[in-house]
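Peer 1: This is the structure I have questions about; it appears just below.
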Amino acid sequence: MYYLTSVQQVIEELRSRRKNRHVIQSMLDQNIESLFGIPNYSRFIREEIARSIHGQNAGIDGEKTYGFLARQIPGTCSEDIACNLLSRKLGIVPCSFAFTRDTFHSNSNDKLFRAKVPFISWSKKGRLVINHKCVLTGMTSNSYTNLNMVRMDKLQAGDMMLAEYHRTMQHSVFSAFSQPSIWGDISPVYGEILARVKAARKQPPFIWRSNGEHKDAQCTDYTEEDARGLIVRPSSKWYYYLYLSMFLDGTFVLLETYDNEAGGVPEARKLFETEMNKVFAATGFMPLVVKTTPLRPDMLYVNQHILDNPARAAETLSGLHYWSDDTSAMTRWFADQVIQFGRTA
C-alpha cells in the first residue's frame, strides 16, 4: 500500500500518473493552498527544485521522472551508487537530494558516517579492510556528541564544507557514469515554504532556530527573512505532509523504505504512514515511494577502489544485470556489487 515494490508496478503507475497529471495537480494545489496558504504548489515545487539543482542548467523536464534519494548529505557510499543503478533500471533520472540545513546526531549512522567516513578496500588476499576516517576539521577525539544539534551545513572538512567534500567525491565518481546523479539541496525549498506560510499566517506552531554556535533549539516565532536565510528550519512532523506531496503527479518519485526493524526509529515509520494516509485521504492518490532495501551500516561504506578508478567502476557497475522485479532486493544486490568492487581474490 505504501510502496511501489516492483519495476512493472513503477512503470504502470508512472504511466497512469502522467495521464492524470493535471487532475492530480489541481486537487493537490487546492488542498495545499487550503492547509498551508501556498497557491499553485505543484508548479512552485518544480520551479524551486529546478533552482536548487547545483551546477545543472537543464532544469526539470516535464517528460521525465526524477528519482530522489533524499539524505542529509548524499555521498558515494554503496547506497548512493546502488540507487543510481536502480534508477537506471526503472528508467528514471537519478537524483541525490541533500537537506544540509538539518542537524548532526551522533547516534544516527547515516549522519555520523558522513563525518567519520568508513572507507573500505580489499587486500591482495581478498580481505575487507575498513578504515574509519574523520574528515571534519578540528576533531581530535572519537567523541562526536559535542556536535549534536549543530547544523550540518556549518561542518567543515578541510578547506571546504562537509557537504561539498562529499559532493566533490560524488562528482568524481558519477561523472564517469553515462547517467550521473543530479545533485541538489532541498534546504532552500523548505526555507521558501516557511517564508510563504508565514506570509499566509499558517506557520507551524514551532520551528528550530540556530544560535551563535550553529546549534538548533526550538522556537515559536520567526520572520520571512529568517526562513529564507535558513536561520530556522521546520520540524519533520510539520513538513512531512508537504514533503510527501511532492511525489504525487509522476514528476518525482522517492527512493526510500521505513521498514527497518534495526533502525531504532519506529516513530519515523509511524509518521510516514500517518502522513501518507492523509495525502491519500485528501487527493485520492498515494505518494510515489519506490521501496529500497532497509539501510544497514555496510550500505554506508565508501569503496576506495571506486574512488581510485571511477571509469572502470562505472563500466563494470553499469554493465550489471539483475533480473528480479523486486526493487528492494535489487537495491541490496547492487549495493553488494558496489562493496565487492576491487576484490581480486
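Peer 1: Would you call Leu85 of a type in the set (A, V, I, L, M) and touching a residue at least 40 places away in the same chain (Cβ under 8 Å)?
Peer 2: Spelling it out, Leu85 is indeed of a type in the set (A, V, I, L, M) and touching a residue at least 40 places away in the same chain (Cβ under 8 Å).
Peer 1: Just checking, does the range 179-188 include any residue being out of contact with any strand residue (DSSP E or B) (no Cβ under 8 Å at 6 or more places or on another chain), within 25 Å of Asn146 (Cα to Cα) and surrounded by fewer than 21 Cβ atoms within 10 Å (Cβ to Cβ)?
Peer 2: no
Peer 1: Related question: For the range 92-146, what are the residues that are over 21 Å from the mean Cα position of the chain (by Cα) and within 27 Å of Ile207 (Cα to Cα)?
Peer 2: Passing the criteria: Tyr144, Thr145, Asn146.
Peer 1: When you scan the range 295-316, do you find a residue that is crowded, with 20+ Cβ neighbours inside 10 Å, more than 30 Å from Gly126 (Cβ to Cβ) and either in contact with a helix residue (DSSP H, G or I) (Cβ under 8 Å, 6 or more places away or on another chain) or among the acidic types (Asp, Glu) (or both), even just one?
Peer 2: Among the residues of the range 295-316, not one is crowded, with 20+ Cβ neighbours inside 10 Å, more than 30 Å from Gly126 (Cβ to Cβ) and either in contact with a helix residue (DSSP H, G or I) (Cβ under 8 Å, 6 or more places away or on another chain) or among the acidic types (Asp, Glu) (or both), which makes the answer no.
Peer 1: Looking only at the range 191-249, filter to residues that are hydroxyl-bearing (Ser, Thr, Tyr), at pLDDT 95 or above and in a helix (DSSP H, G or I); which one of those is surrounded by the most Cβ atoms within 10 Å (Cβ to Cβ)?
Peer 2: Ser245
Peer 1: I've got another one for you. Hey, any hits in the range 112-128 for a residue that's in a loop (DSSP other than H, G, I, E, B), touching a Phe, Trp or Tyr at 6+ places or on another chain (Cβ under 7 Å) and buried (at least 17 other Cβ atoms within 10 Å of the Cβ)?
Peer 2: no
Peer 1: When you look at Glu273, is it free of Cβ contacts under 8 Å to residues at least 12 places away in the same chain and over 16 Å from the mean Cα position of the chain (by Cα), yes or no?
Peer 2: So Glu273 does not fit the description; no.
Peer 1: Tell me, please, whether a residue that is aliphatic (A, V, I, L, M), outside any helix (DSSP H, G or I) and surrounded by 13 or more Cβ atoms within 10 Å (Cβ to Cβ) can be found in the range 167-175.
Peer 2: For the range 167-175, residues aliphatic (A, V, I, L, M), outside any helix (DSSP H, G or I) and surrounded by 13 or more Cβ atoms within 10 Å (Cβ to Cβ): absent.
Peer 1: Condition check: more than 11 Å from Ala82 (Cβ to Cβ), assigned to a helix (DSSP H, G or I), at pLDDT 95 or above and of a type in the set (Lys, Arg). Does Arg332 satisfy that?
Peer 2: Answer is no for this residue.
Peer 1: A further question on this structure: Count, please, the residues in the range 183-232 that happen to be farther than 26 Å from Gln156 by Cα and of a type in the set (Asp, Glu).
Peer 2: So the answer is 2.
The values are calculated or read from the model by the stated rules, or taken from the named source; none is laboratory data. Keep in mind that what you see is a predicted model, and the values were worked out from it rather than measured. Here Cβ is always computed from backbone atoms with ideal geometry, including for glycine, and neighbour counts include all displayed protein chains.
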